[in-house]
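Notes for the one structure printed next.
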Amino acid sequence: MKNIFFLLAVCFTFTSCATQTNLFSDDYNQVLKSKGTHGFWIAGIGQTKTENLDQVCGEGYKPAKTQTQFTFTNILVTALTLGIYYPREYRIYCSKEG
């Protein structure tokens with residue numbers, strides 16, 4: 001019985017992905033302009049990464065939304081490094097102005 005609870009706890013831990021989305025526009029014609037991974041150290045305590053949205057979107061585009069995602073792969077890397085390295089995926093979507 002204890003093994004079942006342990007197995008369930010492990011499954012919930014490794015399947016609990018989190019996505020944070022910031023909407024800047026209601027436009028549905030969004031284009032993915034940039035994506036990548038930001039790496040943080042010591043569980044990301046007090047650390048930030050900044051992307052210049054105007055520079056990423058370029059001329060003729062405006063920021064539509066940004067997403068930050070903590071995926072299964074990120075959770076696995078964080079667990080294997082015991083929380084020392086804490087990667088996060090990001091995506092920046094833009095839409096045409098006007």
- [ ] Within region 72-93, track down each residue that is in contact with a strand residue (DSSP E or B) (Cβ under 7 Å, 6 or more places away or on another chain) and either assigned to a helix (DSSP H, G or I) or of a type in the set (S, T, N, Q) (or both).
- [x] Asn74, Val77, Thr78
TODO: Kindly provide the set of residues from region 82-93 that are open to solvent by less than 60 Å² (accessible area, probe 1.4 Å) and over 14 Å from Thr37 (Cβ atoms), ordered by number.
DONE: Gly83, Tyr93
Task: Evaluation of Leu76 against (1) farther than 30 Å from Val10 by Cβ; (2) in contact (Cβ under 8 Å) with a residue 40 or more places away in the chain; (3) aliphatic (A, V, I, L, M) (one fails), failing number - done: (1)
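Here's the yes/no breakdown for (1) among the hydroxyl-bearing types (Ser, Thr, Tyr); (2) surrounded by 11 or more Cβ atoms within 10 Å (Cβ to Cβ); (3) within 17 Å of Glu89 (Cβ to Cβ); (4) at pLDDT below 85:
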residue: Leu7; (1), (2), (3), (4): no, no, no, yes
residue: Leu23; (1), (2), (3), (4): no, yes, no, no
residue: Lys49; (1), (2), (3), (4): no, yes, yes, no
residue: Asp54; (1), (2), (3), (4): no, yes, no, no
residue: Cys57; (1), (2), (3), (4): no, yes, no, no
residue: Tyr61; (1), (2), (3), (4): yes, yes, no, no
residue: Thr66; (1), (2), (3), (4): yes, yes, yes, no
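On the basis of being within 30 Å of Lys96 (Cβ to Cβ) and either in a helix (DSSP H, G or I) or free of Cβ contacts under 8 Å to residues at least 60 places away in the same chain (or both), does Lys33 make the cut? It would help to see each step written out before you state the result.
Values: within 30 Å of Lys96 (Cβ to Cβ): yes; either in a helix (DSSP H, G or I) or free of Cβ contacts under 8 Å to residues at least 60 places away in the same chain (or both): no.
For Lys33, the condition - within 30 Å of Lys96 (Cβ to Cβ) and either in a helix (DSSP H, G or I) or free of Cβ contacts under 8 Å to residues at least 60 places away in the same chain (or both) - is not met.
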TODO: Working only within region 49-76, note down all residues that are within 17 Å of Thr19 (Cα to Cα) and not aromatic (Phe, Trp, Tyr).
DONE: Lys49, Ala64, Lys65, Thr66, Gln67, Thr68, Gln69, Thr71, Thr73, Asn74, Ile75, Leu76
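The values are calculated or read from the model by the stated rules, or taken from the named source; none is laboratory data. All of these numbers come straight from a predicted model, not from anything done at the bench. Glycine also receives a Cβ, built like all others from the backbone with ideal geometry; neighbour counts cover every protein chain displayed. We work out accessible area using only protein heavy atoms, side chains counted, and drop any ligands, DNA or RNA first. Shrake-Rupley method; radii C 1.70, N 1.55, O 1.52, S 1.80 Å.
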